[in-house]
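Trainee: I am attaching a structure below and will ask some questions about it afterwards.
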Amino acid sequence: MKNESIKVAYVAGLARLKLTPEEESLFQTQLGNILSYVEQLNAVDTSSVPDHPIDPHLPVNVLRLDEIRPSLSREASLQNAPKQADHLLLMPKIVE
């Protein structure tokens, strides 16, 4: 995508933003710079980079073991709750 194809006014309209001509020009330049950088990144050969951070060919698993550890007691977790009843946190209804 080339800089001239960026429609700053169109995107601003979608976001319901009113831009001055100076702001539109500034954002046009900034978006052009960002897209130029993305084009540079797209040119980098990443074929040797694994798709997932846990590479099965690595000698060590980088995840820690899943261990049971102490957590807060019910009383401590409800200590600062604005409303509670029967050891439960009460929340306002947000779905009809």
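The values are calculated or read from the model by the stated rules, or taken from the named source; none is laboratory data. Given the structure is predicted, the values throughout are model-derived calculations rather than measurements. Glycine gets a Cβ as well: all are built from the backbone with ideal geometry, and neighbour counts include every protein chain shown.
Trainee: Of everything in the range 68-82, what is at pLDDT below 90 and among the charged types (D, E, K, R)? Give them in sequence order.
Mentor: Scanning the range 68-82 gives R74, E75.
Trainee: Taking into account only those residues within the range 1-21 that are outside any helix (DSSP H, G or I) and at pLDDT 90 or above, which is farthest from the chain's Cα centre (by Cα)?
Mentor: T20
Trainee: Six or more apart or on different chains, Cβ under 9 Å: which pairs go from a residue in the range 71-86 that's in a loop (DSSP other than H, G, I, E, B) to one that's of a type in the set (V, I, T) and exposed (fewer than 10 other Cβ atoms within 10 Å of the Cβ)? Could you list them?
Mentor: As it stands, the answer is none, since no pair meets every condition given.
Trainee: Additional query: When you check V8 against the structure, is it free of Cβ contacts under 8 Å to residues at least 24 places away in the same chain and touching a Phe, Trp or Tyr at 6+ places or on another chain (Cβ under 7 Å), yes or no?
Mentor: yes
Trainee: Can you run down the residue pairs with Cβ atoms below 6 Å, 6 or more apart or on separate chains, where the first is in the range 22-47 and surrounded by 10 or more Cβ atoms within 10 Å (Cβ to Cβ) and modelled with pLDDT under 95 and the partner is part of a helix (DSSP H, G or I) and of a type outside the set (G, A, S)?
Mentor: As it stands, the answer is E24/V8; F27/V8; Q28/V8; G32/N3, since those pairs meet every condition given.
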